[in-house]
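Encoded as structure tokens, the structure appears first; notes follow it.
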Amino acid sequence: FPPIPPMAMTPREAFLAQTEKVKFRQSAGRICAEVITPYPPGIPIIAPGERVTKEIIEYLTLEVKAGVHMQGPADPELKTVRVVA
């Protein structure tokens with residue numbers, strides 16, 4: 001698993017904030033606005049309010065390529081991700 005990402009705002013603030021879709025591979029440094037949970041194992045890798053890191057992008061990209069189902073994001077193929085605008 002990648003390191004726990006830094007929290008930039010509370011989950012509530014991120015959930016209620018204006019959001020936009022961006023390409024997942026270009027989202028490093030942005031604040032995530034949705035939870036992304038690979039299943040299995042069902043452990044959230046990033047939650048609303050946490051900053052997307054390069055390590056998270058690399059890890060989740062490998063998981064998608066391996067056919068792991070992504071629970072939570074609007075785009076389960078992780079071509080895009082919702083981030084705080």
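The values are calculated or read from the model by the stated rules, or taken from the named source; none is laboratory data. Given the structure is predicted, the values throughout are model-derived calculations rather than measurements. Cβ placement follows ideal geometry from the backbone for every residue including glycine, while neighbour counts extend to all protein chains displayed.
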One residue is enough: does segment 20-28 have a residue meeting the conditions closer than 17 Å to P2 by Cα, surrounded by fewer than 19 Cβ atoms within 10 Å (Cβ to Cβ), at pLDDT 95 or above and β-branched (V, I, T)? no
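Have a look at G29, G49 and point out the one that is in contact with a Cys (Cβ under 8 Å, 6 or more places away or on another chain) and at positive phi.
On the way: G29 fails: in contact with a Cys (Cβ under 8 Å, 6 or more places away or on another chain).
Answer to the check: G49.
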For S27, work out the one condition from (1) polar (S, T, N, Q); (2) over 17 Å from G72 (Cβ atoms); (3) under 13 Å from the mean Cα position of the chain (by Cα) it doesn't fulfil. (2)
Taking segment 36-85 only, how many residues are buried (at least 17 other Cβ atoms within 10 Å of the Cβ), under 19 Å from A17 (Cβ atoms) and free of Cβ contacts under 8 Å to residues at least 40 places away in the same chain? 3
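Can you confirm whether segment 10-21 contains a residue that is under 13 Å from L78 (Cβ atoms) and either polar (S, T, N, Q) or under 12 Å from the mean Cα position of the chain (by Cα) (or both)?
yes
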Filter segment 10-19 for residues that are within 11 Å of A47 (Cβ to Cβ) and in contact (Cβ under 8 Å) with a residue 60 or more places away in the chain and give the result. A14
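Would you check which residues across segment 40-69 are assigned to a strand (DSSP E or B) and within 10 Å of the chain's Cα centre (by Cα) and list them?
First pass over segment 40-69, keeping only residues assigned to a strand (DSSP E or B): 46, 50-51, 69.
If the condition is that a residue be assigned to a strand (DSSP E or B) and within 10 Å of the chain's Cα centre (by Cα), then I46, E50, R51 are the ones that fit.
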